[in-house]
Amino acid sequence: MLMAPAYTSSVYRPGIFDGKVVFCTGGAGTICRRQTEALVILGANAAILGRKKEVTENAAAEIQKLRSGSSVIGISADVRDISSLQEAVDRTVKELGRIDFVICGAAGNFISDFKHLSANAFKTVIDIDLLGSFNTVKAATSELIRNKGSVIMVSATLHYYGVQFQSHVGAAKAGVDALSNALAVELGPFGVRFNCIAPGPIDETEGLTRLLPSGAKKQVTKAVPLQRLGSVNDIADATVFLFSEAASFITGSISVVDGGAWHTGQMQALHYPESVLNSDQLWNKKSAKL
Ligand code: COA
């Protein structure tokens, strides 16, 4: 049977996604890759999208090895470009037959204080995270309606309060939540569900490595009520649940998967206010750390 090392939870039954197809943007990245792996192991076929052709195709080939008989394709596309997404949807339907599940996971993130954040930098993150999620759903709408599908948008907890150096990401993710909620209402009568997953500090991800002040892992872990950082499997498990029949009455929700971290708010306040008052000295455009 299955239980490849990439997937650890045993509460889900093998084969629950037999015959289903997931379309996942950002699918070569750490979090979205594990989401896709879990679905493939449990029976789905998949198309993963990324900007880097070779990286995306290699990741698809590796994911496909997790379950014999599975089909996983890697497609190079930029979520900011609706026509490249439409082509990706068409190719997925041609090669895999249908789309049942959509994960809007492509995201752009970097640390920037407001003083050094150009209008184009702000727009870039809004375009990738928010417009990209819109474009992804737009391109896949007819498949979602035809198959009474389900969408998960990968959000964040950054916009639940003000977070220094993350104005661009917080604004984008607030928009993602709003988009998902509105689409849950508009497309619910067609049988399509929309939910967001808001990951907290997830260990061994590009995002956490970039956002966490050097040497602050221990301090951040202490601020998580459940006293550990999250793992990519935590996000995959929530994804499996939300796409499964067990969640068939859940739409328009935001599942926070963060061990309770945002309630303590301590990660966001590290070194505050000195971090802000001294940001000119601290600032190094491409590799800023608090
Ligand atoms: N700090 C401040 N501004 C930044 C920046 C940073 N670290 N990185 C990019 N920008 C600005 C650029 O300077 C540019 O603005 P400008 O034209 O005014 O100079 C604007 O953002 C667009 O940057 P560019 O690199 O041309 O855009 P891109 O579309 O090629 O890439 C990202 C955008 C977000 C994907 C890119 O910054 C990136 O690779 N980030 C790291 C990877 C990532 O985000 N992964 C997701 C993990 S959560």
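The values are calculated or read from the model by the stated rules, or taken from the named source; none is laboratory data. No experiment lies behind these values; they were computed from the predicted model shown. Counting neighbours? That spans all protein chains shown, and the Cβs are built from the backbone with ideal geometry, glycine included. Ligands, DNA and RNA are excluded from the accessible area calculation, which covers all protein heavy atoms including side chains. Shrake-Rupley method; radii C 1.70, N 1.55, O 1.52, S 1.80 Å.
Worth pointing out:
- Within the range 224-246, the set of residues being of a type outside the set (D, E) and under 18 Å from V192 (Cβ atoms) comprises T239, F241, L242, F243, S244, A246.
- Of everything listed in (1) over 23 Å from I48 (Cβ atoms); (2) open to solvent by 30 Å² or more (accessible area, probe 1.4 Å); (3) within 16 Å of the ligand (Cβ to nearest atom); (4) of a type in the set (A, V, I, L, M, F, W, C), the single unmet condition for A178 is (3).
- The residues of the range 237-284 that are within 16 Å of the chain's Cα centre (by Cα) and open to solvent by 50 Å² or more (accessible area, probe 1.4 Å), listed by number, are F241, I254, V256.
- Residues of the range 109-121 that are buried (at least 17 other Cβ atoms within 10 Å of the Cβ) and more than 8 Å from the ligand (Cβ to nearest atom): D113 alone.
- The helices (runs of 4 or more DSSP H) falling completely within the range 190-290 that include 1 or more residues that are of a type in the set (D, E, K, R), within 16 Å of the ligand (Cβ to nearest atom) and modelled with pLDDT under 80 map to 206-211.
- Residues that are in a loop (DSSP other than H, G, I, E, B), among the small types (G, A, S) and under 17 Å from the mean Cα position of the chain (by Cα), drawn from the range 145-166: S155, A156
- Any chance G149 is at positive phi and more than 14 Å from the ligand (Cβ to nearest atom): no
- Unmet requirement for L144, which otherwise passes all of (1) open to solvent by 40 Å² or more (accessible area, probe 1.4 Å); (2) touching a strand residue (DSSP E or B) at 6+ places or on another chain (Cβ under 7 Å): (1)
- Among the residues of the range 155-174, the one identified as in contact with a strand residue (DSSP E or B) (Cβ under 6 Å, 6 or more places away or on another chain) and of a type outside the set (S, T, N, Q) is A156.
- If you filter the range 127-139 down to residues that are open to solvent by less than 40 Å² (accessible area, probe 1.4 Å) and under 17 Å from C196 (Cα atoms), you find that the one that is farthest from the ligand (Cβ to nearest atom) is V137.
- Entirely in the range 1-108, the strands (runs of 3 or more DSSP E) that have 1 or more residues that are buried (at least 24 other Cβ atoms within 10 Å of the Cβ), among the β-branched types (V, I, T) and in contact (Cβ under 8 Å) with a residue 60 or more places away in the chain: 21-25, 101-104
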